[in-house]
Amino acid sequence: MLSPLILSRRFLKPRFLNSGFYASLYHTIFNPLISSQQCINRNAGQNHSFSPFKKSQFGIYDIEFCKSVGSLSNFQLVGYISTSPSRLGQDKENKNQSSSNVGSGGGGISWIDLYLPRLVRPYAQLARLDKPIGTWLLLWPCVWSITLAAPPGHLPDFKMLSLFGCGAFLLRGAGCTINDLIDRDIDTKVERTKLRPVASGLLTPFQGLSFLGFQLLLGLGILLQLNNYSRVLGASSLLLVFSYPLMKRFTFWPQAFLGLTFNWGALLGWAAVKGNLDPFIVLPLYASGVCWTLIYDTIYAHQDKEDDLKVGVKSTALRFGDSTKEWLTGFGIASLGGLALSGFNAELGWPYYAFLGVASGHLGWQIWTVDLSSRSDCNRKFVSNKWYGAIIFGGILAGRLSS
């Protein structure tokens with residue numbers, strides 16, 4: 001509800017307002033004015049009595065200048081102090097959105113800006129070192145697969161987990177670099193991405209390409225430590241890595257291509273341990289990961305849907321529209337079904353299915369509580385998927401140790 005504070009004309013000196021300076025300042029700052037009749041209609045029935053308050057208690061001010069018919073000096077200053085939760089929430093949302101373009105290529109002030117040398121910061125921002133969620137989402141399918149490949153009653157291979165952890169970190173950074181190089185013209189037109197290093201001019205395309213080569217060289221060092229079967233399988237994923245950023249120009253399903261890319265580790269992790277692929281285990285795992293990606297990246301894409309429409313790029317957020325939650329529910333059911341089938345074929349113990357029940361609750365919470373019109377809530381739900389991946393990992397581990 002609104003508690004108005006009226007400063008009537010008797011508190012203001014007409015001679016101030018009749019002076020040329022104040023009249024000019026008034027017109028410059030507060031034009032256009034709304035009529036006094038509009039103010040009277042809006043304020044009808046409200047209690048205009050004065051009540052003391054502290055600015056820190058409210059923090060939100062709506063100032064209206066109501067000009068009556070006649071001279072410039074005949075006006076009221078009406079100050080509204082809004083205590084409405086919905087209004088406060090809206091202003092908080094606007095504040096979050098406006099602060100998202102400060103520092104770190106649009107992600108707010110981060111440890112990169114505070115601790116890294118100035119020369120290194122653009123490269124760290126290009127690799128999204130301050131946003132580790134992408135690395136987690138790329139790593140979890142690898143960890144799932146490696147743990148599934150462990151012998152019954154045994155822990156997963158820690159060397160493989162370490163190698164794939166480093167590989168996911170490097171490949172995710174390389175993917176972001178490729179994405180920013182290809183999308184630099186689009187990124188300048190999107191509010192969330194216009195301050196990224198290449199789009200904003202902090203780095204030239206040549207510098208970005210040089211950094212990409214450095215990342216891929218380090219990734220090659222990781223790949224060469226795997227068996228020959230895994231080397232070929234891992235190298236083949238680069239076709240998806242390089243083609244994914246182009247998909248938003250041609251299809252409404254770029255999130256599906258991202259799923260094919262981000263879940264390649266479901267195949268590679270098993271191959272690195274076993275030296276082959278068991279299609280009855282890894283294919284359902286891979287398919288479930290693709291469906292999972294369609295869920296979290298569609299939620300993520302809803303942050304940019306207005307800008308995407310203006311720029312002319314496509315996404316599942318635009319494709320699904322008002323039916324997004326129904327689509328995501330279907331993908332969630334398919335993802336959980338694939339995980340159940342993969343665990344059954346791998347002969348995991350009963351604890352796996354208990355964890356799967358917890359994971360289904362987390363996925364359902366994401367889908368049915370996300371506010372698709374709120375960028376901050378979409379981002380919160382997107383980031384929460386690192387815990388979904390951890391729940392599935394815990395289930396596979398417990399199921400393997402008990403089998």
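The values are calculated or read from the model by the stated rules, or taken from the named source; none is laboratory data. What you see is a predicted model, and the numbers here were worked out from it, not measured in a lab. Because the Cβ atoms are built from the backbone with ideal geometry, glycine has one as well, and the counts that use them run over all protein chains shown. With ligands, DNA and RNA removed, areas are computed over all heavy atoms of the protein, side chains included. Shrake-Rupley method; radii C 1.70, N 1.55, O 1.52, S 1.80 Å.
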Next on the checklist: So the check is Cβ under 6 Å with 6+ separation or different chains; which pairs have a first residue in the stretch 372-387 that's of a type in the set (D, E, K, R) and a second one that's open to solvent by 30 Å² or more (accessible area, probe 1.4 Å)?
Outcome noted: 375/97; 377/371; 386/136
Checklist entry - If a residue has to be open to solvent by 20 Å² or more (accessible area, probe 1.4 Å) and farther than 14 Å from residue 258 by Cβ to count, how many in the stretch 285-297 make the cut? => result 1
Checklist entry - (1) of a type outside the set (Lys, Arg); (2) open to solvent by less than 20 Å² (accessible area, probe 1.4 Å); (3) under 16 Å from the mean Cα position of the chain (by Cα); (4) within 26 Å of residue 285 (Cα to Cα): which one isn't true of residue 320, the others all being true? => result (3)
Next on the checklist: touching a His at 6+ places or on another chain (Cβ under 7 Å) and open to solvent by 20 Å² or more (accessible area, probe 1.4 Å): is that true of residue 372 in this structure?
Outcome noted: yes
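Look through 136, 144 and report the one residue that is of a type in the set (Phe, Trp, Tyr) and open to solvent by less than 10 Å² (accessible area, probe 1.4 Å).
On the way: 136 fails: open to solvent by less than 10 Å² (accessible area, probe 1.4 Å).
Going through 136, 144 in turn, the sole match is 144.
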Checklist entry - Can you tell me which residue in the stretch 353-374 is farthest from the chain's Cα centre (by Cα), limited to those that are within 19 Å of residue 397 (Cα to Cα) and not small (Gly, Ala, Ser)? => result 353
Checklist outcome for this item: When every residue in the stretch 205-234 that is without any contact (Cβ under 8 Å) to a residue 24 or more places away in the chain and more than 28 Å from the chain's Cα centre (by Cα) is compared, the one nearest to residue 124 (Cα to Cα) is 217
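In the stretch 336-352, which residue that is touching a helix residue (DSSP H, G or I) at 6+ places or on another chain (Cβ under 8 Å) and not in a helix (DSSP H, G or I) is farthest from residue 145 (Cα to Cα)? Give the derivation first.
Initial filter on the stretch 336-352 (touching a helix residue (DSSP H, G or I) at 6+ places or on another chain (Cβ under 8 Å)): 336-343, 345-346, 348-352.
Applying the additional criterion that residues be not in a helix (DSSP H, G or I) yields 346, 348-350.
On the way: 346: 11, 348: 13, 349: 16, 350: 18 Å.
Top of the filtered list is 350.
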